[in-house]
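The values are calculated or read from the model by the stated rules, or taken from the named source; none is laboratory data. Owing to the predicted nature of the structure, the values given are computational and were not obtained by experimental measurement. Cβ atoms come from the backbone with ideal geometry, glycine included; neighbour counts cover every protein chain shown. Ligands, DNA and RNA are stripped out before the accessible areas are found, and what is left, the full protein with its side chains, is counted by its heavy atoms. Shrake-Rupley method; radii C 1.70, N 1.55, O 1.52, S 1.80 Å.
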Amino acid sequence: MKHKIVVAGCGAMSNVWLDYVEKRENAEIVGLVDLYIESAKKMADRRNLQVPCFVDLSKAIKETGPNLVLDITIPASHKEIATTAMEAGCNVFGEKPMAETLEDAKAVLQVAQQTGKKYSVMQNRRYNRQIRALQQVVANNVIGKVGSIHADFFLGPHFGGFRDVMDNPLIVDMAIHTFDQARFITGADAVSVYCHEYNPAGSWYEGNSSAVCIFEMSDGSVFTYRGSWSAIGMQTSWESDWRVTGSIGSAKWDGHHFPVCEIRDSSKPIEFVDHIKSVEIEDNWNGQEGHWGCLDEMFSALEENRLAETDCTDNIKSMEMVFGAVESAKKGKKVLL
Ligand SMILES: NC(=O)c1ccc[n+]([C@@H]2O[C@H](COP(=O)([O-])OP(=O)(O)OC[C@H]3O[C@@H](n4cnc5c(N)ncnc54)[C@H](O)[C@@H]3O)[C@@H](O)[C@H]2O)c1
């Protein structure tokens with residue numbers, strides 16, 4: 001299967017996607033689109049791409065005849081780009097988040113269902129050897145039935161640009177990753193959320209840079225999230241710092257090193273403090289990591305005519321966690337999802 005691709009959005013992140021496409025044998029860029037024609041032209045020059053540049057996606061599709069559009073525009077443009085592309089007969093792989101509101105994300109999902117086109121979303125943080133190992137610990141019941149899962153995320157990036165002026169930069173632009181990772185690790189979906197969102201002293205964001213959330217999950221477990229994008233010092237990994245507690249043990253992953261696991265030593269009697277033994281975690285995932293891993297999955301799914309792991313029908317559940325959290329913070333009470 002040959003993929004003829006139009007890229008929409010020629011900003012910072014598009015470089016990662018274009019690096020991948022350059023290396024993929026059966027993929028060819030046929031056009032570049034950006035709101036600012038100079039950005040598209042600069043990208044074409046920098047990469048020596050002899051392709052036409054456009055400011056309008058519909059025109060680009062009409063003139064270059066792609067089967068696939070890569071949406072690497074800003075969150076506020078994702079709905080327009082994805083729906084335009086699918087309505088013009090193209091499949092779409094897009095950057096997270098699916099859209100800037102849940103209503104928009106649902107509208108995009110509806111267009112995917114009506115047109116029969118595939119729309120999958122970049123959730124690169126699922127494609128990591130260490131999170132795959134942690135997910136297997138949970139799936140194989142090594143720590144028993146999951147009771148709770150906890151993620152800490154504390155970083156202080158100075159992005160400039162669209163994130164500095166979003167209402168909910170941490171929750172909408174970043175926690176989508178962490179919430180999606182929690183669904184991936186547990187295999188459960190969220191059924192309710194209570195969120196307190198705030199903008200602490202020293203924050204350089206206009207919107208809320210920090211949040212604490214409690215989710216009830218469909219398997220009866222609880223997922224807690226503590227996060228900040230304006231935390232100075234003592235920073236966590238971008239993957240977050242995780243702890244999962246199960247009925248017979250616990251696993252931890254700091255997002256940098258391979259996860260670790262301890263369970264009750266059932267060969268010893270139960271005493272005031274349980275006897276514990278370490279369990280070696282298997283390391284048997286060999287896929288590519290990050291964006292490249294997710295793109296491998298998206299292309300394979302398209303070629304095998306199946307839904308990708310991060311197809312919009314799945315991703316909408318992570319989006320519901322994001323916008324449920326925003327709604328809960330606004331209302332000051334628990335929201336059912
Ligand atoms: N998955 C990740 O780890 C990760 C990391 C960083 C960014 N992102 C996501 O990637 C996306 C892009 O982020 P970025 O940092 O590259 O932003 P950016 O601002 O550097 O680039 C976005 C580009 O899209 C263009 N654009 C905006 N609306 C458009 C439209 N309607 N039509 C055509 N072009 C349009 C802009 O002019 C700009 O050139 C965002 O959704 C962001 O959340 C994901």
**Complete:** Within region 14-38, restricting to residues that are touching a residue at least 12 places away in the same chain (Cβ under 8 Å) and more than 27 Å from GLY293 (Cα to Cα), the one that is most open to solvent (accessible area, probe 1.4 Å) is TYR36
**Item:** In region 270-297, the residues that are more than 24 Å from the chain's Cα centre (by Cα) and among the aliphatic types (A, V, I, L, M)
**Value:** ILE270, VAL273, ILE276, VAL279, ILE281
**Item:** Any pair with Cβ under 9 angstrom, 6 or more apart, that starts in region 39-61 at a residue that is closer than 13 Å to ALA88 by Cβ and in contact (Cβ under 8 Å) with a residue 24 or more places away in the chain and ends at one that is open to solvent by 100 Å² or more (accessible area, probe 1.4 Å) and within 12 Å of the ligand (Cβ to nearest atom)
**Value:** LEU57/GLU80
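Test of understanding: among SER210, SER237, SER247, which residue is modelled with pLDDT of 95 or more and surrounded by 21 or more Cβ atoms within 10 Å (Cβ to Cβ)?
Details: SER237 fails: surrounded by 21 or more Cβ atoms within 10 Å (Cβ to Cβ); SER247 fails: surrounded by 21 or more Cβ atoms within 10 Å (Cβ to Cβ).
From the options SER210, SER237, SER247, the qualifying one is SER210.
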**Request:** Check whether at least one residue in region 262-280 is within 27 Å of ASN140 (Cβ to Cβ), within 16 Å of the ligand (Cβ to nearest atom) and touching a strand residue (DSSP E or B) at 6+ places or on another chain (Cβ under 6 Å), and report yes or no.
**Result:** no
